[in-house]
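To start, the structure under review is shown below, and the notes come after it.
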Amino acid sequence: MPCGEDWLSHPLGIVQGFFAQNGVSPDWEKKVIEYFKEKLKENNAPKWVPSLNEVPLHYLKPNSFVKFRCMIQDMFDPEFYMGVYETVNQNTKARVLHFGKYRDIAECGPQQELDLNSPRSTTLERQTFYCVPVPGESTWVKEAYVNANQARVSPSTSYTPSRHKRSYEDDEDMDLQPHKQKDQHAGARQAGSAGGLQWCGEPKRLETEASTGQQLSSLNFSSPFDLNFPLPGEKGPACLVKVYEDWEGFKVNDVLELYGVLSVDPVLSIMGNDERDASALLDPMECTDTAEEQRVHSPPASLVPRIHVILAQKLQHINPLLPACLNKEESRTCKFVSAFMSELSPVRAELLGFLTHALLGDSLAAEYLILHLISTVYTRRDVLPLGKFTVNLSGCPRNSTFTEHLYRIIQHLVPASFRLQMTIENMNHLKFTPHKDYTANRLVSGLLQLPNNTSLFIDETLLEQGQLDTPGVHNVTALSNLITWQKVDYDFSYHQMEFPCSINVLITSEGRSLLPAVEDDFVEMRKNDPQSITADDLHQLLVVARFLSLSAGQTTLSRERWLRAKQLESLRRNRLQQQKCVNGNEL
């Protein structure tokens, strides 16, 4: 390995060293962050850090240094934790200061007791994100990250776990033996959201998290725990991510790469009745959370691990074949971009031929599909998203595997995608827009809670006659708003909140799509003067010219590309007019 294993297997030991050297001075926290930043710059060191995306949770060592590629699905309320606390040796009366940062459980050594009244104790604030793996991440992306990662963690070689993966029933069984767990952990629990420290029962256990106070035995685990993934069939761990610095810069749906300390202590899942009762006696207001909220915000650590973040960064993209940062100022990035752009013309020609074949010889559709695949919302003017490029491929055969094969091709070309089969049943029963559950105090996800640059493949060829009920109408409206305005309205019961996005929508249909696609700007052209061009026509032509130039590796618009864009638009409009004559009942 490029560097010693201590910082990977025992990061809290590194943190302890800086804390011991600097005491309560805030400098120790900055030094910890700088230390791990420098470590990750050494000889591809990030590839040696085990990833929760690739390594099963029960193979990872508790309190080890890990990474996680994820999307912020929800943000919980800020919570208070014990930044610094003091213990007293019962025999020698010696006092020792400890740090609570990057921990859920503050350990007390043998014969040590927590001094709750110590003037040197401090209470600090941290933010909790509920994070899920990137929705719709393509298989080739996952495989590329796995192949690039050099951390080989297995129970038979590098680490033999003392903790095994447990089912919900196992967690419930463990709660029937709380005394056995109490013997394994020292410390006392801290609860409360008002900044004060509260001793809740047994003095030998201290949890630094301040917003939880549940008893597992009161929860019903007869049904699977809902990990709140936006898309069905998703796999991978969900994590409670504890962020200590600069959390104001993150928002829901951001894609992050996190480095931090893995916390899977079983005591996070178990709390005895005596602790709950003691907490209620000290401050009844601290126990007003509903059982559902406790279940959601403090799930079993074996199912939803905690990551205490040391380093975090937003990802501009998740394509493992590109540099992580596409900042033009960086010389390395400039060299990559210039070399890549110089090779685009032959690559484009090859891709055009391939897509033409995939689209049954339709070269015009292949041209527009390329422009669609590279499109993105690059800016907004008031409510108008500039750069959106929704495409409707009509004339697709029904009751065939054509759209399924086409989607598989799309999956191999984009880092993240999802195929929405637009049937009456799906439209009426699936939940498209996220909504706030005030009972559990969480954002319940929906199909359209997707990170930017996700490809949404809407297959209308499966749509048959039927009746849309109220949820179905709302879902169609949500899709229309996404396509037209590139936004999703999240339902907060008392109000709607707009979340801007940049989602590439590709629609396949037999006739014209029921949804508003690109060609709708031209259906109602001025009938008296078909040659006239409106503001919408000009905008559409500029967008086509822009992406046509970029697809050929050009950052400026040449006359040749402008003429080609006009030609493509003319061919497309003529085809739409022909379709209007053939399928007049669709308008």
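For the reader, a short list of remarks on this structure follows.
- Of the listed requirements (1) touching a Leu at 6+ places or on another chain (Cβ under 8 Å); (2) open to solvent by 20 Å² or more (accessible area, probe 1.4 Å), Leu462 misses just one: (1).
- Checking Thr423, Thr390 one by one, the residue that is open to solvent by 20 Å² or more (accessible area, probe 1.4 Å) and β-branched (Val, Ile, Thr) is Thr423 and no other.
- Selected residue [surrounded by 17 or more Cβ atoms within 10 Å (Cβ to Cβ), more than 29 Å from Ile318 (Cβ to Cβ) and of a type outside the set (Val, Ile, Thr)] from Gly472, Gly446: Gly472
- Test for Tyr35: is it aromatic (Phe, Trp, Tyr), crowded, with 18+ Cβ neighbours inside 10 Å and out of contact with any helix residue (DSSP H, G or I) (no Cβ under 6 Å at 6 or more places or on another chain): no
- Within the range 289-326, tally of residues that are in contact with a strand residue (DSSP E or B) (Cβ under 9 Å, 6 or more places away or on another chain), in a helix (DSSP H, G or I) and not charged (D, E, K, R): 2
- Candidates Leu482, Leu468, Leu462, Leu443 - the one that is in contact with a strand residue (DSSP E or B) (Cβ under 7 Å, 6 or more places away or on another chain) and modelled with pLDDT under 95: Leu462
- Complete set of residues in the range 31-45 that are closer than 24 Å to Gly100 by Cβ, of a type in the set (Lys, Arg) and free of Cβ contacts under 8 Å to residues at least 40 places away in the same chain: Lys31, Lys39
- Restricting Leu351, Leu373 to residues that are open to solvent by less than 70 Å² (accessible area, probe 1.4 Å), part of a helix (DSSP H, G or I), touching a residue at least 12 places away in the same chain (Cβ under 8 Å) and under 24 Å from Leu514 (Cα atoms) narrows the list to Leu373.
- Just one of the numbered conditions (1) aliphatic (A, V, I, L, M); (2) in a loop (DSSP other than H, G, I, E, B); (3) under 30 Å from Val243 (Cβ atoms) is not true of Leu360: (3).
- For the range 358-401, filtered to residues that are among the small types (Gly, Ala, Ser) and touching a Phe, Trp or Tyr at 6+ places or on another chain (Cβ under 9 Å), the residue that is nearest to Ser417 (Cα to Cα) is Ser375.
Table: residues versus (1) open to solvent by 40 Å² or more (accessible area, probe 1.4 Å); (2) in a helix (DSSP H, G or I); (3) of a type outside the set (Lys, Arg); (4) without any contact (Cβ under 8 Å) to a residue 12 or more places away in the chain.
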{"residue": "Ile14", "(1), (2), (3), (4)": "no, yes, yes, no"}
{"residue": "Glu29", "(1), (2), (3), (4)": "yes, yes, yes, no"}
{"residue": "Lys47", "(1), (2), (3), (4)": "yes, yes, no, no"}
{"residue": "Asn53", "(1), (2), (3), (4)": "yes, no, yes, no"}
{"residue": "Lys61", "(1), (2), (3), (4)": "yes, no, no, no"}
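- Every test in (1) on the phi > 0 side of the Ramachandran plot; (2) in contact with a strand residue (DSSP E or B) (Cβ under 9 Å, 6 or more places away or on another chain) is passed by Phe76 save one, and that test is (1).
The values are calculated or read from the model by the stated rules, or taken from the named source; none is laboratory data. Everything numeric here is computed off the predicted structure, so don't read it as measured data. All Cβ positions, even for glycine, are placed from backbone atoms using ideal geometry, and neighbour counts span all protein chains on display. Accessible surface is based on the protein model in full, side chains and every heavy atom, while ligands, DNA and RNA are left aside. Shrake-Rupley method; radii C 1.70, N 1.55, O 1.52, S 1.80 Å.
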